[in-house]
1. Treating only the Cβ atoms of Lys and Arg (+1) and Asp and Glu (-1) as charged, compute the dipole magnitude of the range 10-93 about its Cα centre; round to the nearest 20 debye.
2. Could you please state, rounded to a whole Å, how far the C-alpha centre of the range 311-341 is from the C-alpha centre of the range 114-174?
3. Can you pull out the GluC sites (Glu not before Pro) in the range 239-319 that DSSP calls coil and that have at most 11 other Cβ atoms within 10 Å?
4. Does the range 149-264 come out rounded, prolate or oblate, given a ≥ b ≥ c as the square roots of the eigenvalues of its C-alpha gyration tensor, rounded meaning a/c under 1.5 and, failing that, prolate meaning a/b above b/c?
5. Can you give the angle from 0 to 90° between the axis of helix 297-311 and the longest principal axis of the chain, with both taken from C-alpha atoms, to the nearest 10?
6. Under the Kirkwood approximation for Rh and a Cα-based Rg, what ratio Rg/Rh is obtained for the range 232-278?
7. Any number yet on Rg/Rh for the range 64-112, C-alpha, Kirkwood?
8. Report the one residue of 119, 240, 319 whose Cα lies farthest in the direction of the positive end of the charge dipole of the chain (charges on C-beta: Lys and Arg +1, Asp and Glu -1; origin at the Cα centre).
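Readers should treat all values here as calculations from the given coordinates under stated rules, not as data from a laboratory. No experiment lies behind these values; they were computed from the predicted model shown. A quick note on method: Cβ atoms are made from the backbone with ideal geometry, for glycine too, and the neighbour counts reach across all protein chains shown.
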Amino acid sequence: MTHRERVRRALHREPVDRVPIFLWFHPDTANRLSAVLALPPDLLPAALGDDVRQTWVGNNHAMEGIVHEKDGDTHTDDWGIRWIRAGGFNQVLLSPLAGAPEEAVLRYSFPHERIPSLVRNMEPFLGHEGEYFLGCDISPTLFEAACRIRGMEQAILDLAENPLLAENLLEKAAVFACALADAACARYPLDWLWTGDDVAGQQSLLMRPATWRALIRPRLARITAVGKKYNLPVAYHCCGAMRAIIPDLIEIGIDVLNPIQSHCPGMDARDLKREFGKHISFMGGLDTIEVIPRGTPEEVFRETRQLIEDMTADGGGYILAASHTVPPETPMENIFALYEAAGETRESIFDRAAALRAAERTSGRRPPPRTDGDTP
């Protein structure tokens with residue numbers, strides 16, 4: 001069974017040889033794992049057996065796709081956002097509309113002229129579409145995009161104090177996201193469209209559900225409709241306690257929900273599966289706070305195996321993933337244990353790593369990189 005077939009069948013709740021896998025690692029974790037397998041980080045997914053190949057074409061490329069050598073390095077992206085590397089990740093250093101007057105917000109334009117260049121981030125995957133499940137990440141699309149441009153505190157204040165101004169920026173974000181999605185879907189043989197926004201904190205939504213339904217939902221529906229126009233499933237990412245809007249996501253056509261942070265109120269993966277599993281698929285749920293970094297390999301194996309069984313009780317509708325990037329303090333044996341629970345043994349991983357090293361030496365040919373890795 002190819003990686004692509006495995007994911008497609010799982011999403012349709014058809015029999016598969018093993019659960020599909022799509023794991024993200026903290027950069028430090030990836031570097032440690034690369035050393036163990038004697039491979040560069042971009043070859044880890046191929047060695048580990050991950051099934052999805054995905055990259056960013058939206059603003060997350062500025063956060064994830066531009067890699068600096070050391071903390072303190074900076075860059076400014078096409079949106080005018082200034083980033084700085086800190087703790088291994090790029091973080092917003094300066095939002096272009098932070099403290100800006102209303103007139104500046106109204107004048108602000110998204111970088112439509114950069115869309116052709118942005119979608120070309122998918123180019124490394126061409127030629128591999130028959131084997132891997134290919135995804136295109138256009139996130140963040142709406143509220144989180146506004147937070148990066150306006151500053152989170154001001155973006156939240158705008159929702160409460162100046163909703164018309166907030167709506168102006170959200171509408172610009174929606175128009176841009178639709179254009180970006182349409183360009184990517186038209187150009188590449190995608191298997192899903194990946195979108196999303198972090199609209200929730202660890203305890204609740206960052207806004208009233210009524211506000212989300214008034215300002216975010218109709219625009220997210222338009223973005224989702226682009227994927228549907230190309231007959232693609234649409235995946236949605238939102239960290240935190242976002243249980244209140246899951247029925248809305250189902251109604252507008254979202255097919256896959258990620259990352260399922262089960263420690264947040266209302267987000268127990270098994271409960272969500274029982275309540276919504278007939279209508280939406282899930283990706284995530286593996287605990288990165290206690291179980292993966294602090295459990296024994298045996299505990300990681302048991303928890304991963306049980307999660308897979310519970311989340312596939314209806315025959316599928318689940319992709320194995322963590323609720324966050326796998327943290328640096330995670331023992332290597334725990335990583336191998338969770339992969340073994342999914343059907344990828346340590347031996348098979350090391351065998352693929354050896355084959356990849358041999359292929360590098362003899363022909364220079366490399367499988368496509370898995371460059372996506374949202375850091376909630």
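1. Numbers: 7 positive and 12 negative charges, 27 e Å.
Dipole magnitude for the range 10-93 comes out near 120 debye.
2. If you average the Cα positions of each part, the centres end up 27 Å apart.
3. Values: sites: 251, 275, 290, 298, 299, 303, 309; in loops: 290.
Filter output for the range 239-319: 290.
4. Values: a/c = 2.06, a/b = 1.31, b/c = 1.58.
Verdict is oblate for the range 149-264.
5. Once rounded, the angle reads 60 degrees.
6. Answer for the range 232-278: 0.93.
7. Ratio value, two decimals: 1.06.
8. Of the options given, the answer is 119.
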